[in-house]
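Down below is the structure, laid out as structure tokens.
Just so you know, all these numbers are worked out from the coordinates, no wet-lab data involved. As the structure is a prediction and not an experimental result, all values here were calculated from the model. Here Cβ is always computed from backbone atoms with ideal geometry, including for glycine, and neighbour counts include all displayed protein chains.
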Amino acid sequence: MTPRVVAGLIGLMAAVAAWQVTVIPVPLMQQAVGPVVFPAAVVASLAVLAAIYAWRAWHDREVDLSLDEGQTPLPGATARMAWLLAGGVAFVGLVGPLGFVVPGTLCGMGVAKAFDAPLAGRSLLVCGAVATGFWLLFAQVLGVGLGPALPWLF
């Protein structure tokens, strides 16, 4: 892919993210900092970075990283991408019935495997601790409605 195509894809992602921020429901209680502020700041940063990258790509200041004739990707690239996507799909598909922590742990393990970590007890413990930490921080401390940590807990 050329830098201009990548810039277009990043711009498209920024546009979809901006649209998603507009559909976040505003709470009935007036708050100084509502649930839209942080996502809007992240999306605005993404849009600025996308614009900078697009400008640099248009003026041929970005390197074309597409493979030249005779080059091949690193071995296992397809398997790495499959593990990464499998982790994301597991999270999206299982977060409803299993709560946040189990799908978050599975997602983390898919990402870890994509970066060559072994699927062992240590990965399970680290990913489980990270998923639990995220749930505690966002659901309990910040009050973001992530649902239950586990389906049998309230």
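Using helices alone, I'd like the mean residue ellipticity at 222 nm for the chain: each DSSP H run of four-plus residues gives -39500 (n - 2.57), total over residue count, nearest 500.
On the way: 5 runs with 93 residues, N = 154.
Mean residue ellipticity, 222 nm, calculated: -20500 deg cm²/dmol.
Evaluate Rg over Rh across the range 77-141, taking Cα atoms for both radii and Kirkwood's formula for Rh.
Working: Rg = 11.7 Å, Rh = 11.8 Å.
On the Cα set of the range 77-141, Rg over Rh gives 1.00.
I need the peptides 98-105, 9-16 ranked by packing, meaning the mean over residues of other C-beta atoms within 10 angstrom, with the highest value on top. Provide the component values of the computation, followed by the final result.
Values: 98-105: 22.4, 9-16: 14.2.
The most tightly packed comes first, giving 98-105, 9-16.
If R₀ is 30 angstrom, what is the calculated FRET efficiency for the pair Val63 and Ala40, using the beta carbon separation as r and rounding to 0.05? Working shown, then result.
Details: r = 32 Å, r/R0 = 1.05.
So, using R0 = 30 Å, E works out to roughly 0.45.
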Next item on the list: Only one of the values (1) 41; (2) 12; (3) 19 was calculated from this structure for percent of Cα pairs over 28 Å apart; name its label.
Entry: (1)
Next item on the list: Take the Cα pairs of the range 1-88, get the Kirkwood Rh, then feed it into Stokes-Einstein at 37 °C and 0.692 mPa s and tell me D in µm²/s.
Entry: 205
